[in-house]
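FYI, it's all coordinate maths here, none of it is from the lab. It should be emphasised that the depicted structure is a prediction, and the values quoted were computed from it without experimental measurement. Here the Cβ positions follow ideal geometry from the backbone for every residue, glycine too, while neighbour counts run over all protein chains shown.
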Amino acid sequence: MKSLSVVLAISVACSLPSLRPTANRSKASQSIGFTDITNSAGITWGITTLASGSRYLIETMGGGGGFIDYNGDGLLDIYLVCYSQTTQAAGRTKLRDVLYRNNGNGTFTDVTETAGLTNSMIGMGLAVGDYNNDGSPDLYVTGYGASKLFLNNGKGAFTDVTSKAGVNNKLWGTSAAFFDYDNDGYLDLFVCNYLNFDPDGNIPCDFFEGRPFCYLSKFKGSASVLYHNNHDGTFTDVSERAGIANHVGRSLGVIAFDYNNDGRTDLFVANDAGPNFLFRNNGNGTFSEIALEANRALDPNGEVRGGMGVDAEDVDGDGYQDLFVTKHGPALRRNYLGRGLAVGDIDNDGDPDLLLMNAGEPPLLLRNDGGNRSHWLGIKLVGTTSNRDAIGTSVTITVDGAHRSKQVLGGTSYCSASDRRLLFGLGNHQKVEAVQVHWPSGQTSTLKDLTTDRYLVIKEEAMPRNKS
């Protein structure tokens, strides 16, 4: 087994250079930049005032959201999580989440009302997953003291099924991940929990101009939660049975991925002011926490870090996923109080665009201009025997005799949901010799001699499952 490598990255709290290519510039010579299209796209939702006093600590951790194709039209829509209930400018109260539909022309329309989404709480993060395998992606929103599951009815609207489903995490939930840990074809749910925090109690903080400056090491953390999908629209809390509840942390980020290529999805959890967790999937419904053994609990100097977001990618082409963990750090260009970052191709042009969520500032939608100047191939996977979202699937492409691999991941980033389509940059190559898909069910799909600069849908061949 390859040792798990990790890269510590500066938190995404920066602006990116903006350069819109001119119409007559050749594709090969285009500069790559990101253009802020928030206003022109019609994204007007935003929170600019946060609570004072101890509740500021809760609201300043918010700023989640991400991408979801809620109506199945092939275009990524945007969901933003409301993380404050503090009265805003112009006396706005009863703040709530918002859903923007992608119009396909560079603009978005607020469809929150028609979608039946009235969620109003101190929210934190977003996870997207088709937990009932009906072909319509559902929403799980985490928050302080409550989390909610919204079922997509496939007709442009959602229903709050939190109580029926049994997934109301009442702790301080942050990031969450849908994934199929037992490979039964249904998505389970992991929810990170942060501090054990009562804003009305005594807290280890100093206050300056109404804002708390806290000593996180003096706060008690909380155990995260693992919910098993019962295949009937309900979930069971299996945290104790699975060995998750024994590990208390100040958890902020999670990624579900197969780090050791054994066909079982594992979990990496980024903790604030404490050792990280690496939960190895034992294949029998339990997990073993092995972060220290894998040299992933602490930084290279043996110190804890302020872990927040996390992602994985096979950066060295060896077929194993490497970890990227963000930590608190200075901005690169311009300072934002950046929190969540979602990545997705909103215009289906083959380059990833960015949705940056901030605390106390409006979100930013940044369009990638010029990132598709070379050839590319996008792949959307649809599971049948495996979970429909194909989380846990690995894909290897062969181009000019060289191999590159990616996995369909659960979770990632901080409190955010990104585009699950896999996007491969191909440089000057105009043909992909082969694509090999390894599904969680154990099946393999192989396609050969593929043209580029397009999105390809690959559906798993249906097969009966063995009954245990």
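For a distance above 12 Å, tell me the whole-number percent of Cα pairs in region 415-465 that qualify.
Everything past 12 Å amounts to 73 percent.
When only C-alpha pairs under 8 Å and at least 6 residues apart count, what is the relative contact order of region 395-456, in percent?
33 percent
Express in nm, to one decimal, how much length is gained between residue 196 and residue 155 on full extension, taking 0.36 nm for each residue of separation and deducting their alpha carbon distance.
Extra length from residue 196 to residue 155 when fully extended: 10.9 nm.
Dipole size in debye (nearest 20) for region 86-197 around its Cα centre, Lys and Arg Cβ +1, Asp and Glu Cβ -1?
That gives region 86-197 a dipole magnitude of about 620 debye.
Which order, highest average first, do 233-244, 97-108 follow once you tally other Cβ atoms within 10 Å for each residue and take the mean per peptide?
So the peptides 233-244, 97-108, ranked by packing, come out 97-108, 233-244.
How large is log10 I(q)/I(0) at q = 0.15, 0.19, 0.25 Å⁻¹ when the Debye formula is applied to the Cα atoms of region 143-188, each weighted equally and without solvent?
Taken in order of the listed q values, log10 I(q)/I(0) reads -0.49, -0.76, -1.03.
How many angstrom lie between the C-alpha centres of region 196-255 and region 77-138?
Value for the Cα centre distance between the two parts: 23 Å.
Could you tell me which of 354, 85, 290 has its Cα farthest along the dipole of the chain towards the positive end, charges placed at Cβ (Lys, Arg +1; Asp, Glu -1), taken about the Cα centre?
So the residue furthest toward the plus end is 85.
Given the pairs 380/406; 148/406; 164/220; 94/148; 148/459; 170/220, which are separated by over 22 angstrom at their Cα positions?
148/406; 164/220; 148/459
Treating cross-link reach as a plain straight distance, find the aspartates and glutamates whose alpha-carbon is under 16 Å from the alpha-carbon of residue 218, omitting any fewer than eight places away in the same chain.
198, 206, 272
Quick one: compute the contact order of region 145-243, relative version, from alpha carbon pairs under 8 angstrom and 6+ residues apart, as a percent.
23 percent
Would you mind computing the Rg to Rh ratio of region 62-209 from its alpha-carbon coordinates, Kirkwood style for Rh?
1.01
What number, rounded to the nearest 500 deg cm²/dmol, is the helix-based mean residue ellipticity at 222 nm of the chain, given -39500 (n - 2.57) per DSSP H run of at least four residues and division by all its residues?
Only helices count here, giving -500 deg cm²/dmol.
Farthest toward the dipole's positive end in the chain, which of 300, 51, 397, given Cβ charges of +1 (Lys, Arg) and -1 (Asp, Glu) about the Cα centre?
51
With a ≥ b ≥ c taken as the square roots of the eigenvalues of the C-alpha gyration tensor of the chain, please select rounded if a/c is under 1.5 and otherwise prolate if a/b is larger than b/c or oblate if it is not?
Verdict is rounded for the chain.
Send over the semi-axes of region 31-141's equivalent ellipsoid, whole angstrom and largest first, taken as the square roots of 5 times the C-alpha gyration tensor eigenvalues.
Taking √(5λ) for each Cα gyration eigenvalue gives 25, 19, 14 Å.
In percent, what relative contact order does region 255-315 have, based on Cα pairs under 8 Å that are 6 or more apart in sequence?
That works out to 30 percent.
Which residue, 436, 386, 371, has the largest displacement toward the positive end of the dipole of region 316-468 when charges sit on each Cβ (Lys, Arg +1; Asp, Glu -1)?
386
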